[in-house]
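Written below as structure tokens is the structure these notes are about.
The values are calculated or read from the model by the stated rules, or taken from the named source; none is laboratory data. The structure displayed is predicted, hence computed values, not measured ones. Cβ atoms come from the backbone with ideal geometry, glycine included; neighbour counts cover every protein chain shown. Protein only, heavy atoms only, side chains kept; ligands, DNA and RNA dropped before computing areas. Shrake-Rupley method; radii C 1.70, N 1.55, O 1.52, S 1.80 Å.
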Amino acid sequence: MLEQFTTRVVDGLCESGLAAREDAEIYQFGLEAVLLKTFHLLTMLTVGFLVGMVLQTMLFIIFFSFLRVYAGGFHAKTKTGCWMISWAMTAAVLLGVKACPPVRWISPVGVAVCSAVIAALAPLGCDSKPLDAAETRHYRKTVLILVAVYAALSSVLFWTNWSFQISFLIFLSELTVSASLILRKLQLQFAFRFGKY
């Protein structure tokens, strides 16, 4: 359905002269990516709205997305699977924030553990976007900077007692990225062991 829609839009752009026919695949890919990301974002914000936590949802998306882009990790094989994982993950994080008592040490300890996992495993590319050596170096450096910034921010929030919730959201964003990296590592080991790579 999405593919049919983007094909029609790109065909219209090509026929009107706004896009070159030889670049139609690139435009279609880009349009699909933008629409899917918008749909994911709207779904996550809808979940946040339904549980009365739109601000927390936005903060989680920011913390998670910055790290996930460079760390990589597990990717669902289908667009529907990706969408389902996104909204389920958001719902689980928000329910975790609501249910967890404000025990101050959870966030800095959790961030320290997750930072170590991320630093050890990241970056991990996916089948559709393997990383070359230069990308791996660049992404790894960026990931290390991000986990250092997250750890510093979490520490400041811990010592100043300013916001348990923001600190906890940083921890949960790192936790979800860590889980994604572990799943991808297991997926790669399984595929290698059984001759899929």
Expected field for THR38, accessible surface area in Å² at 1.4 Å probe radius, rounded to 10, holds 60 Å²
Summed over the other residues with a beta carbon less than 15 angstrom from that of VAL143, with K and R at +1 and D and E at -1, the charge totals +4
Treating every alpha carbon of the chain as one equal point scatterer without solvent, the Debye formula yields log10 I(q)/I(0) values at q = 0.13, 0.19 Å⁻¹ of -0.81, -1.31
Expressed in square angstrom to the nearest 10, the accessible area of CYS100 with a 1.4 Å probe stands at 30 Å²
Length gained, THR43-ALA148, 0.36 nm per residue minus C-alpha separation, equals 34.8 nm
Expected field for TYR150, accessible surface area in Å² at 1.4 Å probe radius, rounded to 10, holds 10 Å²
Counting only residues 5 or more apart in sequence or on a different chain, those whose built amide H sits under 5 Å from that of GLY72 are LEU124
Computed for segment 112-197: size of charge dipole around the Cα centre, +1 on C-beta of each Lys and Arg, -1 on C-beta of each Asp and Glu, debye to nearest 20, value 260 debye
Comparing SER178, SER128, SER107 in a Gaussian network model of the chain (Cα, 10 Å), the one with the largest mean-square fluctuation is SER128
Looking only at lysines whose Cα falls under 28 Å of LYS79's and that sit 8 or more positions away or on another chain, we get LYS37, LYS129, LYS185, LYS196
On the formula 1/(1 + (r/R0)^6), with r taken between the Cβ atoms of THR80 and VAL34 and R0 of 25 Å, the FRET efficiency rounded to 0.05 is 0.90
